[in-house]
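To start, the structure itself, in structure tokens.
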Amino acid sequence: MKKLTLPATLTVKELADRLSVSGPQLIKYLMGNGVMANLNQALDFDTMALAADNFGFEAESEDAAPAAAPAEGRRVRHPLLDLSKEDPASLVARPPVVTVLGHVDHGKTSLLDAIRQTKVASGEAGGITQRIGAYQIEKNGRLITFIDTPGHAAFTAMRARGADVTDIAVLVVAADDGVMPQTEEAIQHARTAGVPILVALNKIDRDNANPERVLQQLSERELVPEEYGGSTPVVRTSARTGQGIDDLLDLILLISDIEEPKANPNKPAVGTVIDANLERGRGPMATALVQNGTLRIGDNVVAGSVFGKVRALIDDTGKRVKEAGPSLPVLVTGLTDVVVAGEIFQVMETERAARNLAEQRGFQAEKQKAQPVRRITLADLANQVAEGGIKTLNLVVKAEANGSLEALRGQILKIEDPTVRIKIVSATVGEVGESDVNLAAVSDSIVIGFNVRPDVAARAAAEAQGVDVRYYDVIYQVTDDIQKAIKGLYEPTFVEVLQGRAEVRKVFTVDGRAAIAGSYVTEGRITRNAIVRVLRDGKEVAKGRMAQLRRFRDDVREVAQGYECGITLEDFSEFQEGDILEAYVVEQQNL
Ligand code: GDP
């Protein structure tokens with residue numbers, strides 16, 4: 001029997017999705033067993049297990065499956081930031097560095113402001129603060145550093161460069177809105193980074209706040225709140241009234257006590273540039289977060305292909321300081337150019353050494369620009385395995401529905417191999433989006449799309465970052481390809497190459513059926529011998545050979561971008577206005 005891991009509770013609709021049955025089918029079964037439920041009713045685990053059994057699944061409780069625990073992440077440290085080689089005796093405690101993540105408008109900026117207020121209110125340094133991309137506050141006589149640029153772009157940009165500043169992620173979820181797509185994304189990012197997640201259940205002051213619902217949504221995403229017996233701390237906060245902010249800070253300190261972030265202050269500084277800009281009259285400025293060692297005025301620094309001698313150090317209260325130790329963000333002047341945020345900086349012994357390293361990197365960067373980065377592809381994997389190279393295959397999986405996602409995930413995880421471990425970095429429902437591609441780039445994953453298509457931004461991102469995105473519509477082909485790649489047997493296959501796209505603007509009926517798609521070619525070209533996919537709301541609703549391609553009353557062989565045409569398919573006559581048609585030709589894939 002197929003195994004299905006289930007959380008403590010799900011609604012009827014959600015369970016139906018996971019069981020790949022329709023809602024009414026499941027309701028009918030439940031009614032037959034004396035459970036009167038509508039689609040949105042929550043079911044307990046035992047009821048779900050019985051229903052699952054009826055539909056051919058063996059239900060497993062999520063709590064009993066530690067493999068699915070959030071601690072899946074791994075910390076990839078940049079060699080310069082790897083403290084494992086430091087003498088433990090030289091390490092001292094440093095303030096934790098906290099990043100705030102979450103869906104847009106859930107209150108990240110407001111929370112960061114409210115937290116910042118707690119310090120300003122205490123009247124320190126005349127209460128004048130300066131936005132430098134990060135700030136430190138004091139709580140119970142201890143310091144906490146917050147990264148003041150919320151959002152995932154900054155987080156992924158840093159991680160893409162190997163930077164790793166965050167010790168703790170605060171996931172902001174608005175109590176009235178609940179878990180949204182970017183919340184899911186944030187969870188994945190934090191997991192990939194391997195940092196502990198603390199949830200701020202924000203906007204708790206709102207009348208329509210529904211914390212219970214959010215707690216349940218979190219449970220479903222393997223972030224089981226402590227009050228539900230799980231291990232995820234959740235604090236109810238309001239950036240507006242200030243409720244819960246103190247508790248949030250206390251919890252951060254508590255987690256920090258467990259994580260025990262440390263550094264060696266008695267060394268030349270190494271850290272990450274978290275913000276940078278060019279200020280008139282002051283030249284290039286960069287906010288540096290020192291992660292190990294101490295940064296001082298007069299130090300020779302290099303960050304990426306930029307170098308300089310530290311002229312001034314300014315903290316987040318606008319005060320000039322002579323030095324900055326671990327976890328202290330400071331504005332640095334004296335650099336020769338603007339640094340890219342996310343770049344790692346280090347202090348070099350001499351100006352000459354700093355300059356040489358910067359120039360050497362600049363030269364390499366130019367060279368790399370000429371040849372786009374190549375990340376892992378299934379074909380590479382086969383080659384590398386043959387050479388005894390790769391050990392872990394990371395996958396970002398997307399599918400059109402929960403049911404198929406679970407099924408696919410189950411099948412992938414069943415693949416066993418003594419040499420290669422398969423890790424699913426993320427598995428979510430929906431189209432392949434830009435953030436999926438970014439996540440894949442950061443975690444060196446291959447993206448598997450099942451019955452879904454990429455959006456335009458995702459395609460561009462995949463191309464730019466060299467991420468292998470593969471689409472399938474049959475599960476065994478996914479597992480087959482992976483298995484072949486693992487065994488080093490992957491061979492060139494025939495792939496569909498996109499020719500062009502058209503939008504259905506008007507539908508014409510033939511014998512009462514919506515058989516002719518009056519379309520406008522928006523991209524590329526459409527040829528008579530193409531295979532056409534019909535997409536509706538990003539999902540594939542049909543795929544088939546073209547029967548006719550017409551312009552006005554003439555059959556034509558090809559229609560180019562910017563022109564209108566009539567398209568009919570061999571086995572499909574249910575077009576709708578707004579459908580997107582993608583024309584493909586089949587070609588042999590080059591290895
Ligand atoms: P961000 O996009 O996550 O940074 O969200 P913002 O901090 O910009 O907040 C979005 C909106 O929600 C703003 O209008 C805020 O005033 C409001 N907001 C943020 N936090 C709270 C809260 O705790 N309670 C209430 N009532 N409104 C909030």
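Every read-out reported here was derived from the displayed coordinates using simple, explicitly stated rules and does not represent laboratory data. Since the structure is predicted, the reported quantities are computational estimates derived from the model, not experimental observations. Don't worry about glycine lacking a Cβ; one is built from the backbone with ideal geometry, like all the others, and counts go over all protein chains shown.
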Discussion item. Just want the ordering: Val556, Val165, Val504, from fewest to most Cβ atoms lying within 10 Å of their own Cβ.
Written reply: Val556, Val504, Val165
Worksheet item: Using bins 10 angstrom wide from zero, how does P(r) for segment 187-228 break down, in % of all Cα pairs?
Response: 25, 51, 23, 2
Practice prompt. Would you mind computing, in nm to one decimal, how far apart the modelled labels at Glu260 and Asp53 are, each placed 7 Å from Cα along Cα→Cβ?
Written response: 4.7
Worksheet item: Percent relative contact order of segment 222-316, based on C-alpha pairs within less than 8 angstrom and at least six residues apart?
Response: 16
Worksheet entry | For segment 442-586, alpha-carbon Rg over 2.2 N^0.38 Å | 1.15
Worksheet item: How many nm separate the modelled label positions at Asn208 and Asp87, each set 7 Å beyond the Cα in the direction of the Cβ?
Response: 6.2
Discussion item. Let's test the formula: R0 of 22 Å, r as the Cβ-Cβ distance of Tyr520 and Glu463. What FRET efficiency results, to the nearest 0.05?
Written reply: 0.35
Worksheet item: When Rg is the radius of gyration of the Cα atoms in segment 268-316 and Rh is its Kirkwood radius, what does Rg/Rh come to?
Response: 0.92
Discussion item. To test your reading of the geometry: what angle, between 0 and 90 degrees and rounded to tens, separates the Cα axis of helix 351-370 from the longest principal axis of the chain?
Written reply: 10
Worksheet, complete the sentence: FRET efficiency (Asp247, Thr350; Cβ distance; R0 45 Å; to 0.05) is 0.40
Worksheet entry | Cut-off 12 Å, label 7 Å out along Cα→Cβ of Thr392, residues of segment 438-469 by amide N | 443-445
Practice prompt. From the C-alpha gyration tensor of the chain, pull out the three semi-axes of the equivalent ellipsoid (sqrt of 5λ each), sorted largest to smallest, in whole Å.
Written response: 46, 32, 24
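Looking at the chain, what % of its DSSP beta bridges pair antiparallel, to the nearest 5?
The answer is about 65 percent antiparallel.
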Worksheet item: Could you state the number of Å between the C-alpha centres of segment 280-319 and segment 442-483?
Response: 41
Worksheet item: When only Cα pairs under 8 Å and 6 or more residues apart are kept, what is the percent relative contact order across the chain?
Response: 10
Discussion item. Using a Förster radius of 41 Å, what is the FRET efficiency between Ile415 and Glu503 based on their Cβ-Cβ separation? Nearest 0.05, please.
Written reply: 0.55
Worksheet item: Over what distance in Å are the Cα centres of segment 6-61 and segment 203-242 separated?
Response: 25
